[in-house]
Amino acid sequence: MLANMFNKYRQFLLVLAGSAVLVSCDRLITPDFETSVAELRGGQFTLDKEHATLIWKVDHLGFSRYIGRFDDFDATLDFDSENVENSSLEVIIETASLDVNNEAFAEDLRGSDWFDVENFPQAVFRTTSFVEAIDEDTFVFEGDLTLLGTTGPMTMTVNFNGGGRNFLTRRYTLGFSATAEFQRSDFGLDNMVSFGVGDDIQVEVHVEFQDSSL
């Protein structure tokens, strides 16, 4: 019985020791990582394209959410950690990079009935004003979306994950996710709306930005 108790105690100590090592390694890899927005470094940032995802979702006849993405987009961030309301973001999307894991359908979506990428090769979003702070690391911004040559308002909710020096790139990096929603018919992208394909488009973004001063 004593032997069993000893073995359980030893296993418990090993788990604690392993956890401590993992935490220590994490701090060694990113020793200056901060999750508090006020502690993050401000300045001009450029998108790390290798760690950037832009997803869109639309209702498909009530059966499911159809999910696509854009594989080629760029963005710049002017980040003010002390006064987040002064921050600004610009995103430029190459619409031909549309990806729905079905190349035949993706080619159809690139055509004139949908995204018409030949005449409108880019979609652009720029923040225009600060709306509100939801909590200490989640903020809402109003912006302008330009799609198919039409510009209209779109609200984006941004959640900052944190920042620190990335040990792989040795560059100071910020990470955040964002969500937004708009009606595609407002921009002339109204094909199949009357047949039950959703009008509301949900956008989901997961990105990392690198300090452009280095």
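Out of every Cα pair in region 127-168, what percent are spaced more than 15 Å from each other? List each step's numbers first, then the result.
Numbers: 472 of 861 pairs.
Pairs farther apart than 15 Å: 55 percent.
In the full protein context, the chain carries 58 Å² of accessible surface per residue, based on a 1.4 Å probe and ignoring ligands, DNA and RNA.
If you average 1/r across every pair of different Cα atoms in region 134-214 and take the reciprocal, what Kirkwood value do you get, in Å?
On the way: mean 1/r = 0.0668 Å⁻¹.
After inverting the pairwise mean of 1/r, the radius is 15.0 Å.
Report the one residue of Leu47, Val37, Thr146 whose Cα lies farthest in the direction of the positive end of the charge dipole of the chain (charges on C-beta: Lys and Arg +1, Asp and Glu -1; origin at the Cα centre). Positive-most Cα among the choices belongs to Val37. Calculation over all alpha carbon pairs of region 29-104 in 5 angstrom steps from 0 returns a P(r) of 3, 12, 16, 17, 15, 13, 11, 8, 4, 1 percent.
Computed across region 97-184, the Kirkwood hydrodynamic radius from all distinct Cα-Cα pairs reaches 15.6 Å.
For the peptides 158-168, 76-86, the ranking by mean Cβ contacts within 10 Å, running from highest to lowest, is 158-168, 76-86.
Computed from the C-beta positions of Arg65 and Glu118, the FRET efficiency with R₀ = 35 Å rounds to 0.80.
Principal-axis analysis of the Cα atoms of the chain puts helix 2-29 at an angle of about 50° to the longest axis. For region 61-214, evaluate the Debye formula with one uniform point scatterer on each Cα (no solvent term) and list log10 I(q)/I(0) at q = 0.13, 0.14, 0.19 Å⁻¹, rounded to two decimals. Log-scaled intensity ratios, in q order: -0.68, -0.78, -1.25. Calculated [222 nm] ellipticity per residue, helices only, for the chain: -5500 deg cm²/dmol; basis is -39500 (n - 2.57) per DSSP H run with n ≥ 4, divided by all residues, nearest 500. For the chain, the Cβ-based charge dipole about the Cα centre amounts to some 1340 debye (Lys, Arg positive; Asp, Glu negative; other atoms uncharged).
Evaluate 2.2 N^0.38 Å with N set to the residue count of region 175-214, then give the Cα radius of gyration divided by it.
On the way: Rg = 15.7 Å, N = 40, 2.2 N^0.38 = 8.9 Å.
My calculation over the Cα atoms of region 175-214 gives 1.76.
For Phe70, the solvent-accessible surface computed with a 1.4 Å probe is close to 20 Å², ligands and nucleic acids excluded.
The values are calculated or read from the model by the stated rules, or taken from the named source; none is laboratory data. As the structure is a computational prediction, the values presented were derived from the model and not from experiment. Note: ideal-geometry Cβ built from the backbone for every residue, glycine included; neighbour counts use all protein chains shown. Only protein heavy atoms, including side chains, enter the accessible area calculation; ligands, DNA and RNA are left aside. Shrake-Rupley method; radii C 1.70, N 1.55, O 1.52, S 1.80 Å.
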